[in-house]
Amino acid sequence: MKIKSAVFDVSAPDLKSCPAWALPEFAFIGRSNVGKSSLLNMLVERRELAKVSVTPGKTKLINFFIINDTWSLVDLPGYGYAAVGQKTRDDFNQSVSDYLSKRKNIFCVFALIDSRHEPQRIDLQFVQWLGGCAVPFVLVFTKTDKQSSASSEANIALFKQAMAGWWDDLPQIFTSSAKTKKGRPEILGFIEQTLASHNRAG
């Protein structure tokens, strides 16, 4: 897939504020500091489409971008951030929960996991919850350039082992690096294939 255009459309604080359109949506979410903004910018080859910050939890709204005038990339607030009060944190979690469990035109959710770490409880809990939302999702293990391939593969294997007790069929897994652009063809190819299969089915 060639990215010809990537345009910010709107930021929504909750589900009812999300755009009233039928565009296919591909949503990206991960724990704070997982490298989500860098990954999104790498995918669309726009340096500042999504704002990169050294402060975890910078994304606080549901951000919609229109890609190639045909589908929407959705940048969701991260989970596990600490720089907000409890009431705001609950509001964030509720808006993300509502979006993921009730939004009708989500074609796939990309759950981002930091490949440098052994399985983290918060990531496992989120993925398990996501599996109950009846929404298609895949896993993207980020920051693979930060360590050896063997280390990344070992942590991914542990994560898969932890998930094996929940489902017979594990979600598809991608590995990525915003620095080396690893995973970009595979992720964009998956999005292209998903759009094509929905068009055929429709």
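What follows draws every value from the coordinates through simple rules; no lab data is involved. Computed from a prediction, not measured in an experiment: that's the story for all the values here. Note that we place each Cβ from the backbone using ideal geometry, even for glycine, and neighbour counts take in every protein chain shown.
Some points to look at:
- The relative contact order of the chain, computed from alpha carbon pairs under 8 Å that lie at least 6 residues apart in sequence, is 23 percent.
- Stretch in the chain that is longest and holds no GluC sites (Glu not before Pro) that DSSP places in a loop and that have at most 15 other beta carbons within 10 Å: 49-202
- Under 5 Å between amide hydrogens, built in the peptide plane, is the criterion, and for ARG103 it picks out nothing among residues at least 5 positions away or on other chains.
- Amide H contacts for THR175 (H built 1.01 Å from N in the peptide plane; partners 5 or more residues away or on another chain; cut-off under 5 Å): PHE141.
- Computed from backbone phi, the HN-Hα couplings of the stretch 182-197 come to 4, x, 4, x, 5, 5, 5, x, 5, 4, 4, 5, 5, 4, 5, 5 Hz, rounded to whole numbers (Karplus: 6.51 cos²θ - 1.76 cosθ + 1.60, θ = phi - 60°; Gly and Pro given as x).
- Amide H within-cut-off set for PHE137, under 5 Å, with H built and near neighbours excluded: VAL109
- Helical contribution to [θ] at 222 nm, DSSP H n ≥ 4, -39,500 (n - 2.57), averaged over the chain, rounded to 500: -11000 deg cm²/dmol
- Exposure proxy ranking, count of Cβ atoms within 10 Å, fewest first, for TYR79, TYR99: TYR79, TYR99
- Ranked MET42, MET1, criterion: other C-beta atoms within 10 Å, fewest first: MET1, MET42
- GNM flexibility winner over the chain from LEU39, LEU188, LEU112 (Cα, springs under 10 Å): LEU188
- Remark: for residue pairs LYS160/LYS181; LYS4/LYS179; LYS16/LYS146; LYS16/LYS143; LYS2/LYS146, the C-alpha separation exceeds 30 Å in LYS16/LYS146; LYS16/LYS143.
- Nearest-20 debye value, the chain charge dipole, Cβ charges on Lys, Arg, Asp, Glu: 440 debye
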